[in-house]
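J.: There's a structure below that I have some questions on.
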Amino acid sequence: MIWNGKGKKTPPSYDEEVFEANFSEFWESQECDDLNWVLYDLIKAAYAAGYRTAGKEPPEYRRKVRTSFTVVEREKG
């Protein structure tokens, strides 16, 4: 372990800039967007299962809007 200058220990192979660049690329990808919807659907299925376990019918839900987590910066001009 080494100190990263911010008071935290990090593994010697960890490069914060490389990690952030790779994570940002993934975060803005269609793959990440699709995975977010998979997680959303899993959570909604678990929620509905809880309703059914309690003997009730869960409320109907539909995805109303597909959002993107990409932030677009505009040029100042």
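J.: Of these, SER68, SER29, which one is at pLDDT 90 or above and surrounded by 11 or more Cβ atoms within 10 Å (Cβ to Cβ)? It would help to see each step written out before you state the result.
T.: Working: SER68 fails: at pLDDT 90 or above.
Of the residues listed, the single one that is at pLDDT 90 or above and surrounded by 11 or more Cβ atoms within 10 Å (Cβ to Cβ) is SER29.
J.: May I ask you to list pairs of residues, at least six apart or on different chains, whose Cβ atoms are under 7 Å apart, with the first in the stretch 36-55 being over 29 Å from PHE26 (Cβ atoms) and the second being open to solvent by 80 Å² or more (accessible area, probe 1.4 Å) and acidic (Asp, Glu)?
T.: Hits for this filter: TYR51/GLU57.
J.: Now for a different question. Among the residues of the stretch 40-58, is any of a type in the set (A, V, I, L, M, F, W, C), open to solvent by 80 Å² or more (accessible area, probe 1.4 Å), modelled with pLDDT of 85 or more and outside any strand (DSSP E or B)?
T.: Yes, some residue in the stretch 40-58 is of a type in the set (A, V, I, L, M, F, W, C), open to solvent by 80 Å² or more (accessible area, probe 1.4 Å), modelled with pLDDT of 85 or more and outside any strand (DSSP E or B).
J.: Please verify whether the stretch 12-26 includes one or more residues that are modelled with pLDDT of 90 or more and among the hydroxyl-bearing types (Ser, Thr, Tyr).
T.: Scanning the stretch 12-26 turns up at least one residue that is modelled with pLDDT of 90 or more and among the hydroxyl-bearing types (Ser, Thr, Tyr).
The values are calculated or read from the model by the stated rules, or taken from the named source; none is laboratory data. All values reported here derive from a predicted model rather than from experimental measurement. Virtual Cβ from ideal backbone geometry, glycine too; neighbours counted across all protein chains shown. Note: areas computed on protein heavy atoms with side chains; ligands, DNA, RNA excluded. Shrake-Rupley method; radii C 1.70, N 1.55, O 1.52, S 1.80 Å.
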